[in-house]
Amino acid sequence: MNEPTGELLLEMYVRMLRVRLFEERARELFANARIPGFLHTSVGQEAVAVGVATALRRDDYILSTHRGHGHLVAKGGALRGLMAELYGKANGICHGKGGTMHIADVSVGYLGANGVLASGCVLAPGVGLSIRHRKSDQVVVTLFGDGAANRGPFHEGVNMAALWKLPVIFVCENNRWASTTAHALSTAGASARPAGGSIAARAAGYGIPGESVDGNDVLAVWRAVSRARARAAQGPSLIEAHTIRWVGHFEGDGQAYRGKDEVAEGRRTDPIARQAALLAERGLLDAAGADDMRRRMSAEIDDAVSHAEASPLPEPHEALTDLFAEWSWRE
Ligand SMILES: Cc1ncc(C[n+]2csc(CCOP(=O)(O)OP(=O)(O)O)c2C)c(N)n1
């Protein structure tokens, strides 16, 4: 496997920063009641989304979760369409009907966020089978949390993908918590870091490769997904990426269930600062360059917010459009 070029290392930094700034802005807008409903963000977990997305081709697929904005931005989703969707506006990618938890953007291979935990694990073998039938060399990555890994669909999906040797990469974002339930108190199996059963070790039970990586290191995630992608024609892989969410499970979560030390640990291992240090060490980015990049990205996000603010709400008579796909069976 080739190591990433300087250009790709820089691209990883740019995408992580875009995810971080987008989500920080979304949190602010939610607090100011501009975004309705419910909001889960992935602040602190950007290296997983970006390590995965940069190891994939644009036409590869991602199945996402309730914490999915980062996955979509990392895969190249347009900020305007995403922001307008969070606002529930008619110009959103799903015309305001998907919202934060059911957004999809097929144009970049993002087959959908999903509010039902681990559902991507059982959708992925179906996508893998479609790839096989079309004789394509695409792959599908399904992302899910450590909590989702303790649901039945995880085992069903891994079993079927392994049995039929489908081009699926299962990526568990282990952020130590399933809402307010600690991974360490809810997960059986050999202990891994941090305390709690290893999800990666479960791969052995299905006879597929399993790997545990530092999910705050974008390069480590990129390498693991690149390896899994390279062998996807032979069957699935399972990757467990250990990371830390810096914010509440949802916006407004008081987080009484955990100490401040964990967030401090997350900030110490900030994947973006880490990548900036690597780029600086290689002479690929200096402080002025980083400032300039941040300014340009903030402007991109300002533009997405203005677009969302100016967009109309869907009309009542549109309530039943776009709900069902045209479907026909062809041999
Ligand atoms: C089938 C199902 N059960 C329960 C829930 C409620 N719920 C939403 S998020 C969540 C915790 C998910 O934890 P994890 O899978 O580790 O992902 P994270 O939130 O940490 O990203 C729960 C229990 C749900 N959405 N779906």
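The values are calculated or read from the model by the stated rules, or taken from the named source; none is laboratory data. Just so it is clear, the model here is predicted, and its values are computed rather than measured. Virtual Cβ from ideal backbone geometry, glycine too; neighbours counted across all protein chains shown.
Of the residues contained in the range 177-198, none is found to be within 15 Å of the ligand (Cβ to nearest atom), under 22 Å from Arg67 (Cα atoms), of a type in the set (A, V, I, L, M) and surrounded by 24 or more Cβ atoms within 10 Å (Cβ to Cβ).
Assess whether Ile272 counts as being assigned to a loop (DSSP other than H, G, I, E, B) and either buried (at least 17 other Cβ atoms within 10 Å of the Cβ) or modelled with pLDDT under 95 (or both).
On the way: assigned to a loop (DSSP other than H, G, I, E, B): no; either buried (at least 17 other Cβ atoms within 10 Å of the Cβ) or modelled with pLDDT under 95 (or both): yes.
No, not satisfied.
Is it fair to say Gly70 is on the phi > 0 side of the Ramachandran plot and either crowded, with 24+ Cβ neighbours inside 10 Å or modelled with pLDDT under 95 (or both)? So Gly70 does not fit the description; no.
Can you tell me which residue within the range 58-96, out of those that are part of a loop (DSSP other than H, G, I, E, B) and acidic (Asp, Glu), is nearest to Ser107 (Cα to Cα)? Residue satisfying both the conditions and the ranking: Asp59. Restricted to the range 137-147, and to residues there that are in contact with a Ser or Thr (Cβ under 7 Å, 6 or more places away or on another chain) and within 15 Å of Leu123 (Cα to Cα), the residue that is nearest to the ligand (Cβ to nearest atom) is Phe144. The number of residues in the range 148-165 being surrounded by 24 or more Cβ atoms within 10 Å (Cβ to Cβ) and either within 8 Å of the ligand (Cβ to nearest atom) or among the charged types (D, E, K, R) (or both) comes to 2.
Does Arg134 meet the test of being within 21 Å of Ala203 (Cβ to Cβ), among the charged types (D, E, K, R) and at pLDDT 95 or above? It would help to see each step written out before you state the result.
Values: within 21 Å of Ala203 (Cβ to Cβ): no; among the charged types (D, E, K, R): yes; at pLDDT 95 or above: yes.
No; evaluated as a whole, the condition is false for this residue.
So if I check each of Thr54, Thr41, which one is among the β-branched types (Val, Ile, Thr) and under 18 Å from Asn175 (Cβ atoms)?
On the way: Thr54 fails: under 18 Å from Asn175 (Cβ atoms).
Selected residue: Thr41, the only one of Thr54, Thr41 that is among the β-branched types (Val, Ile, Thr) and under 18 Å from Asn175 (Cβ atoms).
Conditions (1) out of contact with any Lys or Arg (no Cβ under 9 Å at 6 or more places or on another chain); (2) over 18 Å from Asn174 (Cβ atoms), marked per residue:
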site	(1), (2)
Ala220	yes, no
Ala230	yes, yes
Ala233	no, yes
Trp246	no, no
Val263	no, no
Thr269	yes, no
Ile272	no, yes
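Being part of a helix (DSSP H, G or I), of a type in the set (S, T, N, Q) and in contact with a helix residue (DSSP H, G or I) (Cβ under 7 Å, 6 or more places away or on another chain), is that true of even one residue in the range 43-57? If you could, list the steps in order and put the result at the bottom.
To start, the set of residues in the range 43-57 that are part of a helix (DSSP H, G or I) comprises 46-55.
From what's left, of a type in the set (S, T, N, Q): 54.
Applying the additional criterion that residues be in contact with a helix residue (DSSP H, G or I) (Cβ under 7 Å, 6 or more places away or on another chain) yields 54.
Yes, there is a match, as at least one residue in the range 43-57 is part of a helix (DSSP H, G or I), of a type in the set (S, T, N, Q) and in contact with a helix residue (DSSP H, G or I) (Cβ under 7 Å, 6 or more places away or on another chain).
Listed by first and then second residue, the pairs with beta-carbon distance under 8 Å, at least 6 apart or on different chains, first residue in the range 272-295 and farther than 18 Å from Phe22 by Cα, second among the charged types (D, E, K, R), are Arg274/Asp217; Ala280/Asp286. Taking the range 77-117 as the range and being more than 17 Å from Tyr61 (Cβ to Cβ), crowded, with 23+ Cβ neighbours inside 10 Å and within 16 Å of the ligand (Cβ to nearest atom) as the test, only Thr100 passes.
Of all residues in the range 247-269, those that are of a type in the set (Gly, Ala, Ser), part of a helix (DSSP H, G or I) and within 20 Å of the chain's Cα centre (by Cα) total 1.
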